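Read through the structure below, which is laid out as C-alpha cells, and then see the notes.
Derivation of every value follows stated rules applied to the coordinates shown; laboratory data play no part. Quick caveat, the model's predicted, so the values are computed rather than measured. Here the Cβ is made from the backbone with ideal geometry for all residues, glycine too, and neighbour counts use every protein chain on show.
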Amino acid sequence: MDRIILIAQQLIKEGKTPTTSLIKARLPKNPPLPAIIQGLKMWQDNPNKIIEAPTEPALTSSASQSVSGSIDEQIDSRIAQAIAPLKEEINTLKMQVKTLQTKIAAAQSQED
C-alpha cells in the first residue's frame with residue numbers, strides 16, 4: 001500500500017490527479033485492481049502521509065529522472081554512432097562531385 005500512496009503523492013507533485021490507471025502504469029508489477037483502489041482510498045483519507053522510505057527505488061523522482069537522463073544519453077550516443085559513417089560518406093561523395101566537376105570543366109575548355 002505504501003507504494004501506491006507514494007505514487008499518488010508523486011502524481012500530485014507532477015500536477016496530475018491520481019487515478020487507478022496512472023497508478024497501475026507506474027507500478028513495477030501488475031497488482032490486482034482492488035489493491036490499487038484500496039491504496040488510492042488510503043491516500044485520499046490521508047494525502048500527506050509520510051512514508052519513511054520508498055519500497056521501490058523507481059518511485060523516487062530523482063531515480064526516474066536519472067534513468068530517463070541515461071536513456072536519453074544512450075539514445076543520443078547511438079544516433080551519433082549511426083550518423084558518423086553517413087557523414088563520412090557524404091563528405092567523400094562531395095569530394096568526388098567536386099573532382100568530377102573539375103574534370104568536366106577541363107574537358108569542356110579543351111573542346112573549345
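Quick look at the numbers
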| quantity | calculated |
| --- | --- |
| ³J(HN,Hα), Karplus 6.51/-1.76/1.60, whole Hz, each residue of the stretch 17-24, x for Gly, Pro | 7, x, 10, 4, 5, 5, 5, 4 |
| Inter-centroid distance (Cα atoms) of the stretch 87-112 relative to the stretch 1-46, Å | 65 Å |
| Residue 105 paired with residue 33, simple spin-label distance in nm, labels 7 Å along Cα-to-beta-carbon | 7.4 nm |
